[in-house]
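Here is the structure we will look at, set down as structure tokens.
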Amino acid sequence: MEVLNTFFVAPFLDMGSDLIFLTEVIIGGMMAGIMYSLVALGFVLIYKASGVFNYAQGAMVLFAALTLVGLMERHVPLVLAIILTMGVMIGLAFLIERYMLRKLVNQAQIILFMAAIGLNFVFEGAGQIAWGSNVKKLDVGIPDKSFEFGGILLNSFDLFAACTAAILVAILALFFQKTPTGRALRAVADDHQAALAVGIPLNTIWVIVWSVAGFVALVAGIMWGGKAGVQFSLVLIALKALPVLILGGFESVPGAIIGGLLIGIFEKISEVYWGPAFGGAIEGWFAYMAALIFLMFRPQGLFGEKIIERV
Amino acid sequence: MTQERQFGNTILNVENVSLSFGGVKALDSVSFDVLEGEVRAIIGPNGAGKSSMLNCINGFYKPTECTIAFKGESHHQMETHQAASMGIARTFQNIALFKGMTTLDNVMTGRNLKMKKNFLWQSLYFGPAVKEELEHREAAERVIDFLEIESIRKTVVGRLPYGLQKRVELARALAAEPEMLLLDEPMAGMNHEEKEDMCRYILDVNEQFSTTIVLIEHDMSVVMDISDRVVVLDYGEKIADGTPDEVRANQRVVDAYLGVKHD
Amino acid sequence: MFYREAGQFKSSYQADQAIFPIIQDRWFMAIVFVVAYLVIPLIADEYWFQAVLIPFYVFAIAAIGLNILTGYCGQVSLGSGAFMAVGAYATFKLVTGFPELNIIIAFLLSGLFAAAVGMIFGLPSLRIKGFYLAVATLAAQFFILWVFNKVAWFFNYNPSGFITAPPREVFGFLVSGPEAAPVTRYYVSLIFLTIFAFAAKNMARGHLGRAWMAIRDMDVAAEIIGIRPLHTKLLAFGISSFFCGVAGALYIFVWLGSAETEAFDLLNVSFPVLFMIIIGGLGSVLGSILGAGFITILPIFLTNAPPMVGIAISADFAKHLEEIIFGVMIIFFLIVEPAGFNRLWQIAKEKIRKWPFPY
């Protein structure tokens, strides 16, 4: 009975007793969730266009943030530093396409996944060799203050991050739905060979997608780094994005965003209300377990269509 | 050629099979029967529900309502491996071979259901496990001889040409020693010689092992030549059933294939 | 010239089904055995045993285990570290709880525990496929390690959180604990590897292996010819985890001596083991062993190479440089030969067969 109480009754009573606090917890979860969404978005773009399960996305976030901080430490003004970093990410996308993707065309997905893990090592090592491995502060001039709105405590930096993410997603959605490049990209995502057959330049598309993913990584890096400092643990948010992906689906942009928010909220709530019952430090696995249980009941994920198997 | 052939009892009886995907009706109360030892063809235009019918018979699709009786045992819904263990084997329209395995392994896999020794014996590869393996190897080799694919025994099937892959698939189905064999377009994409070979194998199987055969085929000359009775489906409904000659004379069948003139 | 199978006629199916049907292969294997069992123990020093050979063999067992699941049955798992941890912690509880229990028995029992846990986490494989399953196995990885870290009972309330191998004897030889001789521990890991490799090979070439490969290549068709997917996949998870569990037990008790859960985490164990089977060759026992050798030796080589050629670099820089080179080599290798060492080995045999003619 005691166990039932601590796990199934008490947490809900706690939630009910202080609704303002619950709202704050949920908002806090959404803020973290936006970050997961951003990383997951990078994953989804790359997976759709090049079939690579890009484990290195987290390392790309670290690499972008490190590059930006490194440039700013050398007194490069913020805007120029962002542009230069973006240039570096595009250059990397070019190198990756030229020396990795092009040579691994038509390989099994697991091979591509392994290559992405290899890339992860390269990014981690290169970022830290070039810019050092100590924790760095990233100040992009956004105020980090708390204020009250309707009795709820909010943080200006978080709000700014949320707005940036929302704008970014809107731009990406427009880019993919309305531009010719976006259409070409969707064609590539659907069927590589058919896209090639109608004359879509696969290699260019790959460079573009990896660049966009690099840009998303940079934004995630600025947001996350501005909040918690730029450090090695940034790569670990890649691990947070994985349950988001299986929840939302590897190929679904809305899935990545809604999934990220859900995982963020869920993780925060479980941490605050159930954490003590488990003895703490549950955020490492709780999201995975939740996503796994969800998938058991709905294998197609949040937005997937029911699969009809044909033979 | 089929005039004097004698058939046994009803081996398969399909009654009122209905199946729908979302709102689309793939099959609408289709009924027919198959006699022991006959070659039964299912024909119809594209999208008529032929493959879905086979999928229902071996339990891969679960029809919304139906009675499917195999050897007198009636099943509303069954699992695919149950169908396999009851003696139904099949081949597929788009070849469904195990691409990373050799021909021999594919054929041996067809006999997997008959192999019982558990993994502990197998891990030792000793005594009963070896004996079992060798017995089944012999049986598999008989099928390989029968279909004349000895030379590609140790070739990985993913590298074989299309016609041979079709033959390996038939071998895998035969290795299970089925009582009823479902063939989904066994001759699709073959040239004339390959088709003739395939027809010969099908008839040989039917004669030598007295295996009942249900096949889907688009090549009408083949269907009319080798089948004893034909079911015709159109838009999920049965529109004709009878001997090849009867079916050929049926006005609805002609309409379904050639289209009806609307005045 | 030397490597010819012409003239070697097989007159029974038994001879044709042998693991090494060609006589030259049998000779080659005999030489490998003599080297591994007799020559190496005579010439290797403690550094070689401890830094290279023992981890090589231990990881080879884990790699064979993962290859059963991923290479043969097609279920990608990122949770091998956790299943190894189950084996290690189970052994720890068994040998400390029952001091008179033979440690070899304890290893095998722990393997069974790992198999049970593996099968539980294999249950989702019926509904979840491909990379979705791979990510789902991360749930096992993180959850299991969290439990071992959190529940003090598992490490006997040791304040440091470490589990330590107690001294245990088998037939009068000390096989675990700080006093155990490296050569004894070498033999223990080698014997385990030999037995497990043959067991895996035998399962893989029997009907069980065919069922696994059928599920891997086309699960729908496999189901239709009568292979039960859940049964087959769970057996793969179970056997694979058994291998991993025993490897995990050896990892702590025969190699490291003491460790905490960090020793089993994603970057230390799960990914490297996956690398081993990819680089070695999916669906190949020999490949698993070769891959394990490569991935174990590469970092040691990278660490030792710069000082050897006289370049002095700081430890931090060296570590990151090592990461980069490791990553680049992985990508390079995947580009050059995605089918792994096993395929290279086949090509080499093909070349020797035709030697001295090019084709």
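Using the Karplus curve 6.51 cos²θ - 1.76 cosθ + 1.60 with θ = phi - 60°, work out ³J(HN,Hα) for each residue of the range A:278-294 in order, rounded to whole Hz, and write x for Gly and Pro.
Karplus values, whole Hz, x for Gly and Pro: 8, x, x, 6, 8, 5, x, 10, 4, 4, 5, 4, 4, 4, 4, 5, 4.
Using only Cα atoms and rounding to the nearest 10 degrees, what angle (0 to 90) does helix A:78-96 make with the longest principal axis of chain A?
With rounding to tens, the tilt is 60 degrees.
If you average the C-alpha positions of the range C:156-222 and of the range B:206-252 separately, how far apart do those two centres end up, in angstrom?
Using only Cα atoms, the two centres lie 57 Å from each other.
With the Cα gyration tensor of the range C:43-103 in hand, convert its eigenvalues to equivalent ellipsoid semi-axes via √(5λ) and list them largest first in whole Å.
After scaling each eigenvalue by five and taking roots: 25, 22, 9 Å.
How big is the convex hull of the Cα atoms of chain A, per residue, in Å³?
Given the Cα convex hull of chain A, per-residue volume reads 158 Å³.
Evaluate peptide A:288-295: per residue, the Cβ atoms of other protein chains within 10 Å of its Cβ; return the mean as an integer.
What the average comes to for A:288-295 is 5.
Charges only on Cβ, +1 for Lys and Arg, -1 for Asp and Glu: so what's the dipole of the protein assembly as shown about the Cα centre, in debye to the nearest 20?
Charge dipole, the protein assembly as shown, about its Cα centre: 1720 debye, nearest 20.
Over the range B:10-258, give the accessible area per residue in Å² for a 1.4 Å probe, as an integer.
Per residue, the range B:10-258 has an accessible area of 40 Å².
Can you tell me how the range B:182-263 classifies by the Cα gyration tensor, rounded, prolate or oblate, using a/c under 1.5 as the rounded cut?
Since a/c reaches 1.5 and a/b is larger than b/c, the shape of the range B:182-263 is classed as prolate.
Can you give me the accessible area per residue for the range A:129-288, using a 1.4 Å probe, in Å²?
Normalised by residue count, the accessible surface of the range A:129-288 is 44 Å².
Taking the range A:157-246, how much of its Cα-Cα pair set, in percent, is spaced more than 18 angstrom apart?
Of all Cα-Cα distances in the range A:157-246, 58 percent exceed 18 Å.
Provide a list, ordered by number, of residues in the range A:206-245 showing at least 20 Å² less accessible area with every protein chain present than when their chain is taken on its own, using a 1.4 Å probe.
Residues passing the criterion (a loss of at least 20 Å², heavy atoms only) are A:LEU239, A:LEU242.
Let me know the shape class of the range A:161-311, please: from the alpha-carbon gyration tensor, a ≥ b ≥ c as square roots of the eigenvalues, rounded when a/c is under 1.5, otherwise prolate if a/b is greater than b/c, or oblate.
Since a/c reaches 1.5 but b/c is at least a/b, the shape of the range A:161-311 is classed as oblate.
Can you work out D for the range A:21-64 in µm² s⁻¹ from Stokes-Einstein, where Rh is the Kirkwood radius over C-alpha pairs, the temperature is 10 °C and the viscosity is 1.306 mPa s?
136
Counting C-alpha atoms alone, how compact is the range C:33-172: give Rg to one decimal and Dmax as a whole number, in angstrom.
So, for the range C:33-172, Rg and Dmax equal 17.5, 52 Å respectively.
Need the per-residue list for the range C:306-340: every residue with at least 40 Å² less accessible surface in the complex of protein chains than in the chain by itself, probe 1.4 Å, sorted by number.
C:HIS320, C:GLU323, C:ILE324, C:ILE331, C:LEU334, C:ILE335, C:PRO338
Bin width 5 Å, alpha-carbon pairs only: give the P(r) of the range C:1-98 as whole percents, running from 0 to the bin holding the largest distance.
2, 9, 11, 12, 14, 15, 16, 10, 6, 3, 1, 0
Let me know the mean shielding of C:224-236 by other chains, meaning the per-residue number of their Cβ atoms within 10 Å of its Cβ.
So the per-residue partner count for this stretch is 6.
Tell me the Rg and the Dmax, in Å, that the Cα atoms of the range A:1-132 produce.
21.0, 62
With N residues in the range C:266-358, what two-decimal value do you get for its Cα radius of gyration over 2.2 N^0.38 Å?
In units of the globular-protein estimate, the range C:266-358 measures up at 1.28.
Give me P(r) over the range B:17-99, computed from all C-alpha to C-alpha distances, binned every 5 Å, as integer percentages.
Histogramming the range B:17-99 at 5 Å steps yields 3, 12, 24, 26, 21, 11, 3, 0 percent.
Could you compute how much accessible area chains A and C hide from each other, both sides summed, with a 1.4 Å probe? Nearest 100 Å² is fine.
Using a 1.4 Å probe on protein heavy atoms, the buried area is about 4100 Å².
What is the distance in Å between the Cα centres of the range C:232-262 and the range B:17-74?
So the two Cα centres are separated by 48 Å.
How are the C-alpha pair distances of the protein assembly as shown spread across 10 Å bins, as whole percents from the shortest bin up?
Taking all Cα pairs of the protein assembly as shown, the binned fractions are 2, 10, 18, 21, 20, 15, 9, 4, 1, 0 percent.
Name the shape class, rounded, prolate or oblate, that the alpha-carbon gyration tensor gives for chain B, where a ≥ b ≥ c are the square roots of its eigenvalues, rounded holds for a/c under 1.5, and otherwise prolate holds if a/b is larger than b/c and oblate otherwise.
prolate
Heavy atoms only, probe 1.4 Å: what % of the accessible area of the range C:24-354 goes to carbon and sulfur, would you let me know?
Reported share for carbon and sulfur atoms: 72 percent.
Say the dipole of the protein assembly as shown comes from +1 at the beta carbon of Lys and Arg and -1 at that of Asp and Glu; which of B:VAL230, C:GLY291, A:SER146 then lies farthest toward its positive end?
Final value for the positive-end residue is C:GLY291.
List the residues of the range C:15-34 that lose 30 Å² or more of accessible area once all protein chains are present, compared with their chain alone (1.4 Å probe, heavy atoms only, no ligands or nucleic acids).
Residues shielded by partner chains are C:ASP16, C:GLN17.
Give the Kirkwood hydrodynamic radius (Å, one decimal) of the range B:101-214, defined as one over the mean of 1/r across all pairs of different Cα atoms.
Hydrodynamic radius (Kirkwood, Cα pairs) of the range B:101-214 is 14.9 Å.
Give the whole-number value, in cubic angstrom per residue, of the convex hull volume spanned by the C-alpha atoms of the range A:75-212.
Per-residue hull volume (Cα only) is 177 Å³.
Taking +1 at the Cβ of each Lys and Arg and -1 at the Cβ of each Asp and Glu, which of B:VAL39, B:SER74, B:LEU104 sits farthest along the dipole of the range B:10-258 towards its positive end, judged by Cα position relative to the Cα centre?
So the residue furthest toward the plus end is B:LEU104.
Where nothing but the Cβ of Lys and Arg (+1) and of Asp and Glu (-1) is charged, how large is the charge dipole of chain B around its Cα centre, in debye to the nearest 20?
Dipole magnitude for chain B comes out near 980 debye.
Work out the length of the dipole vector of the range A:19-297 about its Cα centre, built from +1 on the beta-carbon of each Lys and Arg and -1 on the beta-carbon of each Asp and Glu, and round it to the nearest 20 debye.
For the range A:19-297, the charge dipole is close to 640 debye.
Between B:VAL230 and residues 5 or more places away or on another chain, which pairs have amide H atoms under 5 Å apart, with H built 1.01 Å from N, and which residues are they?
When sequence neighbours closer than 5 places are left aside, the close amide H contacts are B:ALA41, B:GLY242, B:THR243.
Using a 1.4 Å probe on the protein heavy atoms, what percent of the accessible area of the range A:19-297 belongs to carbon and sulfur?
Answer for the range A:19-297 is 70 percent, counting heavy atoms of protein chains only.
What is the projected area of the convex hull of the Cα atoms of the range C:24-354, averaged over all directions, in nm²?
Mean orientational projected area (the range C:24-354, Cα hull): 19.0 nm².
Mind checking the angle between helix B:192-208 and chain B's longest principal axis? C-alpha axes, 0 to 90 degrees, to the nearest 10.
Approximately 80 degrees, to the nearest ten.
When only Cα pairs under 8 Å and 6 or more residues apart are kept, what is the percent relative contact order across chain A?
36
Go through B:SER85, B:VAL156, B:GLY8 and say which Cα lies farthest out towards the positive end of the charge dipole of chain B; charges sit on Cβ, +1 for Lys and Arg, -1 for Asp and Glu.
Result: B:VAL156.
Expressed as an acute angle from 0 to 90° and rounded to the nearest 10, what is the orientation of the C-alpha long axis of helix A:57-73 relative to the principal long axis of chain A?
90
Alpha carbons only, please: Rg and Dmax for the range A:1-74, in angstrom.
19.9, 61
Roughly how much accessible area, to the nearest 100 Å², goes out of reach of solvent when C and B pair up, both sides summed, probe 1.4 Å?
Accessible area lost upon association: around 3000 Å².
Taking θ as phi - 60°, what are the ³J(HN,Hα) couplings along the range C:107-116 by the Karplus curve (6.51, -1.76, 1.60), each to the nearest whole Hz, with x for Gly and Pro?
Ordered by residue, 3J(HN,Hα) equals 4, 5, 4, 4, x, 5, 4, 4, 4, 4 Hz.
The values are calculated or read from the model by the stated rules, or taken from the named source; none is laboratory data. Being a predicted model, the structure only gives us computed values, none of them experimental. Methodologically, a virtual Cβ is constructed for each residue, glycine included, from the backbone with ideal geometry; neighbour enumeration extends over all protein chains shown. Heavy atoms of the whole protein, side chains included, go into the accessibility calculation; ligands, DNA and RNA do not. Shrake-Rupley method; radii C 1.70, N 1.55, O 1.52, S 1.80 Å.
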